[in-house]
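J.: First the structure, which I've put down as structure tokens, then a few questions once you've had a look.
The values are calculated or read from the model by the stated rules, or taken from the named source; none is laboratory data. Fair warning: this is a prediction, and the values are worked out from it, not measured in the lab. Note that each Cβ is placed from the backbone with ideal geometry, even for glycine, and that neighbours are counted across all protein chains shown.
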Amino acid sequence: MRTGTETDRPVEELKKINKVFGTEFLGISFRGKKDMCLLALEKMSDANYDEVSYFCSKNKKRCPYYINLQNERFTDVKTMLYSEVLRQSAERRICPYFYQRELASLANLVSVSYNYILDEKVSWSLRSIFDYSESYLVVDEAHNLQFSFTNINSNHITTGSIKRALSELSFFKKTEQVKNFLVKLEEKMWEELGKKIEKEVKIEDFCSSKNSDVLDEIKLPGENLRSERLSKDERPHSSLYHIYSFFKISLELSKEKGVTHFLSKEKNELKLERVDMRASEALKEKWKMFRGCFSCLVL
Ligand code: SF4
């Protein structure tokens, strides 16, 4: 399914099929931790997927919902929408995200958004639940796949992110090297774009493998800030960490055909963007992982 909200439709239809034909197929609509983490919903409802994922990785062992889930028995399972899994979990005080993973391992139908197939950061979590080579993949509105792949796998930083990263540095000592890198990065962005509105650029002109030391130096305070914010029940966001991860992935992909970088001006900010257009090659590999694939197209 293209979006999370659309994942309910096949499950609603399965419920009707079970009712009409008296069958007992089990199906669920599967959501990410952003929607399914009760602890994060209590403490930081505005956090994004990456932040909730990070939040869970730091809290899972002592999370009361996760601990309660370990004592649950999975009898009486039935076809449920994600909102029903969430409600039932809240009533039983168990973790909805890990509960739905248990349900998915038993299900005949698991309905997910495109991310779970197209984004490596999250698709591994589904692969660890059931065997793709024994499963059939049905892609609804498959004409949207190419656009969604590019959307999910592209990323950007702005001159605004650089300014926020510079202000984050004020919390740390011995940051001269990082500060110089960030100041020069912003200067380079303005100089490179000149009077143009948009241009294709080489990422190595902004940060090359020679800068790996400075990238490590950006990562450390970025991680520290995320942990510190988390310990205060704040969103674990850090612009330093965002800039580090943007360059790390961009440099890894810099020689890949189909990955391009653009510099553009939007209002008073400049945007340095990585655009990943390798959809056809990536999708070809994805299809091979399943026992069979069906695409539904709107013509
Ligand atoms: S175990 Fe579940 S409820 Fe606890 S932090 Fe992780 S996702 Fe949230």
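J.: Any residue at all in region 76-87 that's within 14 Å of the ligand (Cβ to nearest atom), within 30 Å of Ala282 (Cα to Cα) and surrounded by 20 or more Cβ atoms within 10 Å (Cβ to Cβ)?
T.: So in region 76-87, the residues within 14 Å of the ligand (Cβ to nearest atom) come out as 82, 85-86.
Pick out the ones that are also within 30 Å of Ala282 (Cα to Cα) and you get 82.
The next check asks that each one be surrounded by 20 or more Cβ atoms within 10 Å (Cβ to Cβ); those that pass are 82.
Scanning region 76-87 turns up at least one residue that is within 14 Å of the ligand (Cβ to nearest atom), within 30 Å of Ala282 (Cα to Cα) and surrounded by 20 or more Cβ atoms within 10 Å (Cβ to Cβ).
J.: Still on this structure: For region 63-77, name all the residues that are more than 12 Å from Cys95 (Cβ to Cβ) and either outside any loop (DSSP other than H, G, I, E, B) or touching a residue at least 12 places away in the same chain (Cβ under 8 Å) (or both).
T.: Listed by number, the residues that qualify are Phe74, Val77.
Every residue, every condition in (1) farther than 22 Å from Trp190 by Cα; (2) without any contact (Cβ under 8 Å) to a residue 40 or more places away in the chain; (3) part of a helix (DSSP H, G or I), yes or no:
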site: Leu215; (1), (2), (3): no, yes, yes
site: Asn224; (1), (2), (3): yes, no, yes
site: Ser227; (1), (2), (3): yes, no, yes
site: His242; (1), (2), (3): no, no, yes
site: Leu251; (1), (2), (3): no, no, yes
site: Lys255; (1), (2), (3): yes, yes, no
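J.: Also: Could you figure out which of (1) in the same structural domain as Ser254 (by TED's automatic domain parsing); (2) assigned to a helix (DSSP H, G or I); (3) aliphatic (A, V, I, L, M) isn't true of Ile157?
T.: (2) is the only condition that Ile157 fails.
J.: Return a yes/no flag: does region 5-18 have any residue that is surrounded by fewer than 14 Cβ atoms within 10 Å (Cβ to Cβ) and either within 15 Å of the ligand (Cβ to nearest atom) or not in a helix (DSSP H, G or I) (or both).
T.: No: region 5-18 contains no residue that is surrounded by fewer than 14 Cβ atoms within 10 Å (Cβ to Cβ) and either within 15 Å of the ligand (Cβ to nearest atom) or not in a helix (DSSP H, G or I) (or both).
J.: Pull out all pairs, ordered by first then second residue, where Cβ-Cβ is under 6 Å, the residues are six or more apart or on different chains, the first lies in region 25-44 and is touching a residue at least 60 places away in the same chain (Cβ under 8 Å), and the second is basic (Lys, Arg) and crowded, with 19+ Cβ neighbours inside 10 Å.
T.: These pairs meet every condition: Met44/Arg235.
J.: Return the residue satisfying two criteria in turn: it lies in region 87-125 and is of a type in the set (Asp, Glu) and more than 19 Å from Thr75 (Cβ to Cβ), and of such residues it is modelled with the highest pLDDT.
T.: Step one: of region 87-125, the residues of a type in the set (Asp, Glu) are 91, 102, 119-120.
Restricting the remaining residues to those that are more than 19 Å from Thr75 (Cβ to Cβ) gives 119-120.
Details: Asp119: 88, Glu120: 83.
Only one residue fits best here, namely Asp119.
J.: Taking Ala90 as meeting all but one of (1) more than 14 Å from the ligand (Cβ to nearest atom); (2) not in a loop (DSSP other than H, G, I, E, B), write down the number of the exception.
T.: (1)
J.: Next question. Can you tell me which residue among Asn48, Asn59 is more than 24 Å from Thr7 (Cβ to Cβ) and either within 10 Å of the ligand (Cβ to nearest atom) or modelled with pLDDT under 95 (or both)? First the steps, then the outcome.
T.: Numbers: Asn48 fails: more than 24 Å from Thr7 (Cβ to Cβ).
Within the list Asn48, Asn59, the selection yields Asn59.
J.: On the basis of being more than 10 Å from the ligand (Cβ to nearest atom), surrounded by fewer than 16 Cβ atoms within 10 Å (Cβ to Cβ) and in contact (Cβ under 8 Å) with a residue 12 or more places away in the chain, does Val122 make the cut?
T.: Working: more than 10 Å from the ligand (Cβ to nearest atom): yes; surrounded by fewer than 16 Cβ atoms within 10 Å (Cβ to Cβ): no; in contact (Cβ under 8 Å) with a residue 12 or more places away in the chain: yes.
No; evaluated as a whole, the condition is false for this residue.
J.: Can you tell me how many residues within region 19-59 are hydrophobic (A, V, I, L, M, F, W, C), surrounded by fewer than 15 Cβ atoms within 10 Å (Cβ to Cβ) and not in a loop (DSSP other than H, G, I, E, B)? If you could, list the steps in order and put the result at the bottom.
T.: Looking only at region 19-59, we keep the residues that are hydrophobic (A, V, I, L, M, F, W, C), and these are 20-21, 25-26, 28, 30, 36-41, 44, 47, 52, 55-56.
Going one step further and asking which of them are surrounded by fewer than 15 Cβ atoms within 10 Å (Cβ to Cβ), we end up with 20-21, 25.
Cutting the leftovers down to not in a loop (DSSP other than H, G, I, E, B) gives us 20-21.
Residues meeting the conditions: 2.
J.: Among the residues of region 198-205, are any part of a strand (DSSP E or B) and under 30 Å from Ser113 (Cα atoms)? Break it down into steps so the answer makes sense when it comes.
T.: Initial filter on region 198-205 (part of a strand (DSSP E or B)): 198-201.
Then drop every residue that is not under 30 Å from Ser113 (Cα atoms), which leaves none.
No, because not a single residue in region 198-205 is part of a strand (DSSP E or B) and under 30 Å from Ser113 (Cα atoms).
J.: Would you pick out the residues in region 210-233 that are over 21 Å from the mean Cα position of the chain (by Cα), over 22 Å from Phe181 (Cβ atoms) and polar (S, T, N, Q)?
T.: Ser231
J.: Oh, and also: Would you please name the residue that is nearest to Arg226 (Cα to Cα), looking only at residues in region 24-45 that are more than 10 Å from the ligand (Cβ to nearest atom) and either outside the structural domain of Leu103 (by TED's automatic domain parsing) or at pLDDT below 90 (or both)?
T.: Going through the qualifying residues, I end up with Met44.
J.: Could you grab me the full set of residues in region 151-200 that are of a type in the set (A, V, I, L, M) and surrounded by 14 or more Cβ atoms within 10 Å (Cβ to Cβ)?
T.: Of the residues in region 151-200, the ones of a type in the set (A, V, I, L, M) are 152, 157, 162, 165-166, 169, 178, 182-183, 185, 189, 193, 197.
If the condition is that a residue be of a type in the set (A, V, I, L, M) and surrounded by 14 or more Cβ atoms within 10 Å (Cβ to Cβ), then Ile152, Ile157, Ile162, Ala165, Leu166, Leu169, Val178, Leu182, Leu185, Met189, Leu193 are the ones that fit.
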